[in-house]
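S.K.: A single structure is presented below for examination.
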Amino acid sequence: MSTVRLTVAQALVRYLCAQQTFVDGEKVPLFPGVFAIFGHGNVTCLSEALEAVQDRLPTWRAQNEQAMALAAIGFAKAKRRRQIMVATASIGPGALNMVTAAGLAHANRLPVLLLAGDTFVNRRPDPVMQQVEHFGNPTINVNDAFKAVSRYWDRITHPEQIISSLPQAVAAMLDPADCGPAFIALPQDVQEIAWDYPQAFFEETIHAIPRPRPDRERLAEAVALLQSARRPLIISGGGVRYSGAERALADFAHKRGIPLSETIAGKGAVVHDDPVHVGPIGILGSTSANALAAEADVVIAVGTRLMDFVTGSWSVFAPEARFLSINAARWDATKHRALAVVGDALETVSELDAALGDWTAEAGWTRKGRAEFARWNEALDTYQRPNNEPVPTYAQVVGVVNAHAGERDLLITAAGGLPGEVVKNWRVKTPNTFDCEFGFSCMGYEIAAGWGAAMADATRTPIVMIGDGTYMMMNSEIYSSVLAGHKFILIVCDNGGYAVINRLQNAKGGASFNNLIKDCRVRDQFPVDFAAHARSMGALTRHVESLAELGEAVAWAKTTDRTTVLTIVSDAFTWTPGDAWWDVGVPQVSERESVREASRQQLDARRKQRVGV
């Protein structure tokens, strides 16, 4: 057997370089790059290996470990899970900083390979710098924290182990059912060991994402269920986009006369004005989709895990509605007594359509969907229309940015008040141009993801929309994007604090407390000059005072050569209305009558929930 003598770190890097895939007919690296912040746990061995292959596997320096892992996830999402980035950090705090990002990738079924330095296997120098010791179990360290948020986890304690471990990590990240983060801990004394590896381990391997087809008997049951439906409704989830099933599902909806609603992750599978589109569903949804959900007799959930914001905490559907769930993941398909059809969205929808014969939904139902959506569009026009108020609303800001965005520009947001506003108000112009990370709703994803998305596709411009709270929480990758030359446009809406949480606090009877800056324990309240701060990190910036100035600024930002930041003060108290309920905990005992009343309303609303069925 032909062998090559390499360190563990060198062998790992050589293996990554050998993995290839096809995207849109072109052979490309499965791992196109690495985000890295080096420390003593990965700088002496892993960085040595990465430096030697930087022409094939480029390494990008970030400013924050969580942010760089989020950038890697934003890259993978922009690529629709077809390519995977690597993020590597040192031991201790550097590694732990990536745990939040791993949680985001896990919740959203997104691939990222996380490599962290680890303590010494031989334990000779223990405790090493940044080691957390467990007195009763010396095998545990901070890297064990990743077990709760990884689809694949391993600690390499012998050089030969990577031969079996790395292919399993790749398989997990490419599996449409198990897709998520893979984590590998690399002890410092193992990274350095030289070993005679088989040359065959480093041969080029071309990967393809599998497309599992549905069970024939279960598909026949799905056909029978759908043929019994008079008022069916499609819920299109993120899995539709990752499967590449957007056109097939839209064609299916057209042919069968089925209204098509979208989840938060699924938004953008079809354009806003597609005749079958009836808007987003659920708590952040449209009155049109929610009205149809209340009357639907069969709900076809495709590629969605049916989170509470989609189902209105299981309150938006009729009690007698039956569910047909098409999903590559058994766990996601098997919820609320749904008829679970486990399979790839594209393959399953295609086979379902072929087996349905000439069945269609009732013509009146299809017309109702169009009429409800027309009313929703009229409402959006009203919410977005400029008025004489000195401070614009989120809806007005979103409307202006949307109007000036290019056909292929990618909208990105994740947390705070903007997800609800863009899910409702953003009118998608081209499929797959919308990214609202709401599976984990992670403050800090947005700017980092803008960098990753810009890196993923230089032919379009990511437009990132955030509030002031998110900016303050994680803004460092503005600097990284300028350094690296990956441009995005950032819109910062300053509404004086955590306005949407203040809204929830008030809605459940609570007093405004510790959310808006004016309601916090501060000595002097003063605004942050976000434009000046971003400018200090190399971005081009403008602060605007009106919607008219905002439109001009967005048009200008489209012409610039680097990351451009626009700031505007926005209303903290005016929101696009919604009609779906959300189940949250409300105190059953309180000195405040408003809280007691909110608790009574919450308990009453729970009587309308579907409990597991």
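S.K.: Rounded to the nearest percent, how much of the accessible area of the chain (1.4 Å probe, protein heavy atoms only) is carbon and sulfur? Before the final figure, lay out each step's value.
M.R.: On the way: 12840 of 24780 Å².
Carbon and sulfur: 52 percent of the exposed surface of the chain.
S.K.: Note down the nm distance, to one decimal, between modelled labels 7 Å out along Cα→Cβ at Q609 and at E192.
M.R.: 5.5
S.K.: Mind listing the long-range amide H neighbours of N432? Cut-off is under 5 Å, sequence gap 5 or more, other chains count too, H placed in the peptide plane at 1.01 Å from N.
M.R.: It is A269, by chain and number.
S.K.: So how do 243-256, 593-606, 537-550 stack up, highest first, on mean other-Cβ count within 10 Å?
M.R.: Working: 243-256: 20.1, 593-606: 14.6, 537-550: 17.6.
Descending packing order for the listed peptides: 243-256, 537-550, 593-606.
S.K.: State the answer as a single residue: which of W575, V240, A318 lies farthest towards the positive end of the charge dipole of the chain, with beta carbon charges of +1 for Lys and Arg and -1 for Asp and Glu, about the Cα centre.
M.R.: A318
S.K.: Mind checking the per residue accessible area of the chain for me, 1.4 Å probe, whole number of Å²?
M.R.: Values: 24780 Å² over 613 residues.
That works out to 40 Å² per residue.
S.K.: Normalised by the residues of the chain, what does the relative contact order come to in percent, with Cα pairs under 8 Å and at least six apart?
M.R.: Values: 1336 pairs, mean separation 81.2, N = 613.
RCO, the chain: 13 percent.
S.K.: Still on this structure, please answer the following. Identify all lysines with a Cα-Cα distance to K518 below 27 Å; exclude those on the same chain that are fewer than 8 residues away in sequence.
M.R.: List returned: K508.
S.K.: Could you pull the Cα extents of the chain along its three principal axes, largest to smallest, in whole Å?
M.R.: Reported extents, whole Å, longest axis first: 71, 68, 54.
S.K.: Something else about it: Check A296: other-chain or 5+ apart residues with amide H under 5 Å from its amide H, H built from backbone geometry?
M.R.: A318
S.K.: Then there is this: Quick one: 3J(HN,Hα) in Hz for the range 142-151, Karplus 6.51/-1.76/1.60 with θ = phi - 60°, rounded, Gly and Pro as x.
M.R.: 4, 5, 5, 4, 6, 4, 6, 10, 10, 7
S.K.: Right, something else. So between M129 and R370, what do we pick up on full extension, going 0.36 nm a residue minus the alpha carbon distance? Walk me through the intermediate numbers first.
M.R.: Details: separation 241, 0.36 × 241 = 86.76 nm, distance 6.32 nm.
Using 0.36 nm per residue and subtracting the Cα-Cα distance, I get 80.4 nm.
S.K.: Per DSSP H run of n ≥ 4, the term is -39500 (n - 2.57); total these for the chain, divide by its residue number, and report the mean residue ellipticity at 222 nm rounded to 500 deg cm²/dmol. Could you put the intermediate results ahead of the total?
M.R.: Values: 24 runs with 228 residues, N = 613.
That calculation yields -10500 deg cm²/dmol at 222 nm.
S.K.: Then there is this: Roughly how many whole Å is it from the C-alpha centroid of the range 179-194 to that of the range 284-353?
M.R.: Centre-to-centre (Cα) distance: 39 Å.
S.K.: Under the Karplus relation 6.51 cos²θ - 1.76 cosθ + 1.60, θ = phi - 60°, what is the ordered set of whole-Hz ³J(HN,Hα) values for the range 426-438, x standing for Gly and Pro?
M.R.: 6, 9, 5, 9, 9, x, 6, 10, 9, 9, 10, 6, 10
S.K.: With charges only on Cβ, +1 for K and R and -1 for D and E, what is the dipole size of the chain about its Cα centre, in debye, rounded to 20? Walk me through the numbers on the way to the answer.
M.R.: Working: 59 positive and 66 negative charges, 186 e Å.
With only Lys, Arg, Asp and Glu charged at Cβ, the dipole is about 900 debye.
S.K.: Sticking with this one: From the phi of every residue in the range 444-458, what ³J(HN,Hα) in whole Hz does the Karplus formula 6.51 cos²θ - 1.76 cosθ + 1.60 yield, where θ is phi - 60° and glycine or proline is x?
M.R.: x, 5, 4, 5, 4, 5, x, 5, x, 5, 5, 5, 6, 8, 7
S.K.: Right, another one. Which of the residue pairs K267/K424; K255/K368; K335/K424; K77/K255; K267/K429 have a Cα-Cα distance greater than 18 Å in the structure shown?
M.R.: Values: K267/K424 10 Å; K255/K368 16 Å; K335/K424 26 Å; K77/K255 30 Å; K267/K429 11 Å.
The pairs that break the limit, which is 18 Å between Cα atoms, are K335/K424; K77/K255.
S.K.: Something else about it: Please compute the Cα-Cα pair-distance distribution of the range 456-562 with 10 Å bins starting at 0, giving whole percents from short to long.
M.R.: Once binned at 10 Å, the Cα pair distances of the range 456-562 give 13, 38, 30, 15, 4.
S.K.: Restricting to Cα atoms and excluding each atom paired with itself, what does the Kirkwood estimate give for the range 1-100 in Å? Can you show the working numbers first?
M.R.: Working: mean 1/r = 0.0700 Å⁻¹.
Roughly 14.3 Å, rounded to one decimal.
The values are calculated or read from the model by the stated rules, or taken from the named source; none is laboratory data. Since this is a predicted model, take the numbers as computed values, not measurements. With ideal geometry, Cβ positions are generated from the backbone for all residues, glycine too; neighbour counts draw on all protein chains shown. Quick note on the areas: whole protein, heavy atoms, side chains included, nothing else; ligands and nucleic acids left out. Shrake-Rupley method; radii C 1.70, N 1.55, O 1.52, S 1.80 Å.
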